[in-house]
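One structure is given below, encoded as structure tokens.
Just so it is clear, none of the values below were taken in a lab; they were calculated from the coordinates. Quantities reported herein were computed from a predicted structural model and do not represent experimental measurements. As a convention, Cβ positions derive from the backbone with ideal geometry for all residues, glycine included, and neighbour counts pool all protein chains shown.
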Amino acid sequence: MIEIKNLHKSYQMGKNSLHVLKGINFSVEEGELVAIMGSSGSGKSTLLNILGMLDELDEGSYTLDGVPIKNLNETKAAQYRNKFLGFIFQSFNLINYKTAAENVALPLYYQRVGRKERQEKALKYLEQVGLKEWATHLPSELSGGQKQRVAIARAMAAEPKVLLADEPTGALDSKTSYEVMDLIQKINDEGNTILLVTHEEDIAHMCKRIVHLKDGVIVEDKKVDQVRAEQYV
Amino acid sequence: MFDLERWQEIFDTIRKNKLRTFLTGLSVASGIFILVILLGFGQGMQNGIANEFEEDAATSVWVWPGVTTKEYKGLNPGRRIQLRNENYEFSANLLGDRIENKSPRYFVRNVQVNYGKESLAYGIQGVSSQFQFIENEYISKGRFLNYSDEREKAKVAVIGNKIKRDIFKDTSEPVGQFIDISGIPFKIIGVYGDVGGEREEERIFIPISTAQQVFNGADHINNMAYTLPPADDFETAVAQSIQFTNELRAYLLQAHTVAPDDTSAIQIWNPMEEAKRFYTLMSGIKFFFWFVGICTIIAGVVGVSNIMLIVVKERTREIGIRKALGAKPWSIVGMVLHESIFVTAIAGFAGLIFSMGLLELVGPHIEVDYIMNPSVDFNVAVTTVFVLIFAGAVAGFFPAWRAARVHVIKALKDE
């Protein structure tokens, strides 16, 4: 599903060049649930941004579902993001003046799905995350866990190839974190490919594979026995 | 533009950001409102001035002799000019085809006026039969002087309403009665009124020929008055009356051997020239109104672009989210502009309709001197609205474009 070869990325910081990713080789199969771990500054967010086409790579190659991702202009990148990827953010990033259902329906708007179908699909995915009754509520009326579940429903709504989650439990307490992880595991059970950045060990062990990043290189890449979040809920 | 989905998205946004929409709209609507009202009153003042001068027998021309101030052809300055019948008749012949009404006037001075035993203190003026129209007098009883009174030097008099009230009270009938002027009985043939008020009704008119003969006037006249036929429009009227004045002045200067540049020897008062001055002033005022109006529009545009700037800034995070979800840069620009153009257009036309409605409703009821029926050229107003919409769009484009180019990651970090 994801194929990365010899990926390099550096940032210009004034006169100094900061080499963030120093040759990453990495691939993800369909249906995997991968945790990317590392301390801050290890390059894990940069990697996720490149995977999410929010940032461009300097060197190397990136293939997503057989499509080479290279030299994309903004329009093309937007198109690919919409088609291939679903994002889940640490700070949820819901649009505060739109209801839960409208937020979920938004990626479908950019897929040019008709209004009626959008609404139906939004309700369907909200039901899947257990928030059907909250469809008409604004984000400000929801708890943190509920917001993240709406965000997950939104990421799912576009039916992407890969879900990218950047510290999805970073802003939640542990109980809520496990609820969200439970949801993510269930989505993965249905065959969705999910990449998740975290620095929490227990969250990482709820995935099927852990990739450790340190100073811009992968230092460890192992398959783990998945801890089901269900038991903590 | 005709994308229904886009419209729905924009209506959603507007519905949920009422205050923002309201403020943008208010700034645009008030800009247009102020401009239209200003332009309306500019036009109203112009109408008012034109009306003021047209109404008041504005085509009249008055000639008063004075004293020469310049030496000319061996004649000393300080010579008093005396108008004579021949001047009047000659001018009438010379300019006759351009005169509607004309009258010489002779003031009868130092005479005793009596009615019965009462002594009266009213001015007596010898005039022609057409003087009625020059002064806009209306007849409330009997008739005004006529041509045969003049020819026969009849001893008849027309008195003003005020005089009638003063000495005949309301009961008795003045027409047919006699007043004594210097011991000579004059028969009252009519009573006139003047829209100018009581001061204008304190005069006793007798035929000029009678006045000159009976009161030793010889062929002297004190002044001359003319009215010119009405012209099709104000501009022609002004041009026509200035031309008339110049020719009349030229003749009189030459007839009395006065230096051409001596302004005090023959004075000709022409309200049209005054009107012309008002008109020049008016175009100044109109220019000023336009200036203020355009400044208002500029303020409106600046207001709109400010709001757009804030709106885009406020929505940076939202734009980032939309981009992460797959919005293309142009769809972001389109969304922001579409909303701003829509709001500006609705607000602009609301301001336009409201202000024009106000002018329509209130305009005809305004009864102030020099302001009449303020109104505005619809095309001008509509053009202004479009200019404002266009300017608002241009002003909104750059922040929108910048916002659309902002890196998603940066936009998402924006608080």
Which whole-Hz ³J(HN,Hα) couplings does region A:139-156 yield from phi under the Karplus relation 6.51 cos²θ - 1.76 cosθ + 1.60, θ = phi - 60°, glycine and proline marked x? x, 5, 9, 10, 7, x, x, 5, 4, 5, 5, 4, 4, 5, 4, 5, 5, 6
Filtered hits (lysines, Cα-Cα < 18 Å from B:Lys18, offset >= 8 within chain) -> A:Lys98, B:Lys313
Expected sort for B:152-158, A:99-105 on mean C-beta neighbours within 10 Å, highest first, is A:99-105, B:152-158
Give me, ordered by chain and number, the residues 5 or more places off A:Val197 or on other chains with an amide H under 5 Å from its own placed amide H. A:Ile36, A:Ala165, A:Asp166, A:Glu167
Selected from B:Gly193, A:Gly170, A:Met206, residue furthest toward positive end of dipole (the protein assembly as shown; charges at beta carbon): A:Met206
When 1/r is averaged over all different Cα pairs and the result inverted, which Kirkwood radius in Å belongs to region B:353-406? 14.0
If neighbour count is taken as other Cβ atoms inside 10 Å, put B:Glu9, B:Glu173 in order from fewest to most. B:Glu173, B:Glu9
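Give me the Kirkwood hydrodynamic radius of chain A, using the inverse of the mean 1/r over all pairs of distinct Cα atoms, in Å to one decimal. Walk me through the numbers on the way to the answer.
Values: mean 1/r = 0.0552 Å⁻¹.
18.1 Å is the Kirkwood radius here.
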Dipole magnitude of region A:72-156 about its Cα centre (Cβ charges: Lys, Arg +1; Asp, Glu -1), debye to nearest 20: 300
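Grab the eigenvalues of the alpha-carbon gyration tensor for region B:78-235, scale each by 5, take roots, and send me the semi-axes largest first in whole angstrom.
Details: eigenvalues 147, 79, 36 Å².
Over the Cα atoms of region B:78-235, the ellipsoid semi-axes are 27, 20, 13 Å.
What does the convex hull of the alpha-carbon atoms of region A:194-233 project to on average, in nm²?
Values: hull surface 12.6 nm².
Mean shadow area of the hull around the Cα atoms is 3.2 nm².
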With the dipole of the protein assembly as shown defined by +1 on each Lys or Arg Cβ and -1 on each Asp or Glu Cβ, the option from B:Thr236, B:Gln8, B:Val385 whose Cα lies farthest towards the positive pole is B:Gln8
Compute the distance in nm between two label points, each set 7 Å from the Cα along the Cα-to-Cβ direction, one at B:Phe398 and one at A:Lys186. 5.2
For B:Gln267, what residues show an amide H to amide H distance below 5 Å, using hydrogens built from the backbone and excluding near sequence neighbours? B:Trp64, B:Gly66
Running Debye on region B:326-378 with equal point scatterers at the Cα sites and no solvent, what base-10 log of I(q)/I(0) appears at q = 0.23, 0.30, 0.32 Å⁻¹? -0.85, -1.05, -1.10
Percent of Cα pairs exceeding the 16 Å cut-off, where the set is region A:23-139: 70
With -39,500 (n - 2.57) per DSSP H segment of 4 or more residues and division by the full residue count of the protein assembly as shown, the 222 nm estimate, nearest 500 deg cm²/dmol, is -15000 deg cm²/dmol
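In debye, nearest 20, what is the charge dipole magnitude of region B:310-397 about its Cα centre with +1 on Lys and Arg Cβ and -1 on Asp and Glu Cβ, if you could check? Present the calculation step by step, with values, prior to reporting the outcome.
Details: 6 positive and 7 negative charges, 193 e Å.
Using Cβ point charges on Lys, Arg, Asp and Glu, region B:310-397 gives about 920 debye.
Would you mind giving the three semi-axes, in whole Å and largest first, of the ellipsoid equivalent to region B:1-153 according to its Cα gyration tensor? Mind dumping the intermediate values first?
Numbers: eigenvalues 901, 113, 63 Å².
Here the semi-axes work out to 67, 24, 18 Å.
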Taking only the alpha carbons of region A:22-65, what extent do you get along each of the three principal axes, in Å, biggest first? 28, 22, 19
With a point put 7 Å past each Cα toward its Cβ, work out how far A:Lys5 is from B:Leu4 in nm, to one decimal. 4.8
Under the 0.36 nm per residue contour assumption, what length would be gained going from the current alpha-carbon distance of B:Ala259 and B:Val380 to full extension? 38.5 nm
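State the three equivalent ellipsoid semi-axes of the protein assembly as shown, derived from the C-alpha gyration tensor as the square roots of 5 times its eigenvalues, in descending order and whole Å. Write out the running numbers ahead of the final one.
Working: eigenvalues 1980, 134, 53 Å².
Listed largest to smallest, the semi-axes of the protein assembly as shown are 100, 26, 16 Å.
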Once you put a point 7 Å from the Cα of B:Ala299 and another 7 Å from the Cα of B:Phe287, both along the Cβ direction, what distance in nm separates them? 2.2
Debye log10 I(q)/I(0) at q = 0.15, 0.17 Å⁻¹ for region B:314-415, Cα point scatterers: -0.69, -0.79
Among B:Thr59, B:Thr236, A:Thr193, A:Thr63, which comes first, then next, by fewest other beta-carbon atoms within 10 Å? B:Thr236, A:Thr63, A:Thr193, B:Thr59
Taking the Cα centre of region A:24-174 as origin and charging only Cβ (+1 Lys, Arg; -1 Asp, Glu), how large is the dipole, in debye to the nearest 20? 660
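Among A:Asp189, B:Asp232, rank each residue by its count of other Cβ atoms within 10 Å, from fewest to most, as a rough exposure measure.
Final ranking by Cβ density, sparse to dense: B:Asp232, A:Asp189.
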For q = 0.15 Å⁻¹, what log10 I(q)/I(0) does region A:144-206 give under the Debye formula with an equal point scatterer on each alpha carbon and no solvent? -0.40
Share (percent) of C-alpha pair distances in region B:292-366 greater than 16 Å works out to 64
Find which of B:Phe342, B:Gly363, B:Val311 sits farthest along the positive direction of the dipole of region B:309-415, computed with +1 on the beta-carbon of Lys and Arg, -1 on that of Asp and Glu, about the Cα centre. B:Val311
All-pairs Cα distance distribution in region B:49-126, expressed in whole percent, bin size 5 Å: 3, 10, 13, 13, 15, 16, 14, 10, 5, 2, 0
Counting every Cα pair in chain B, what percent are over 35 Å apart? 55
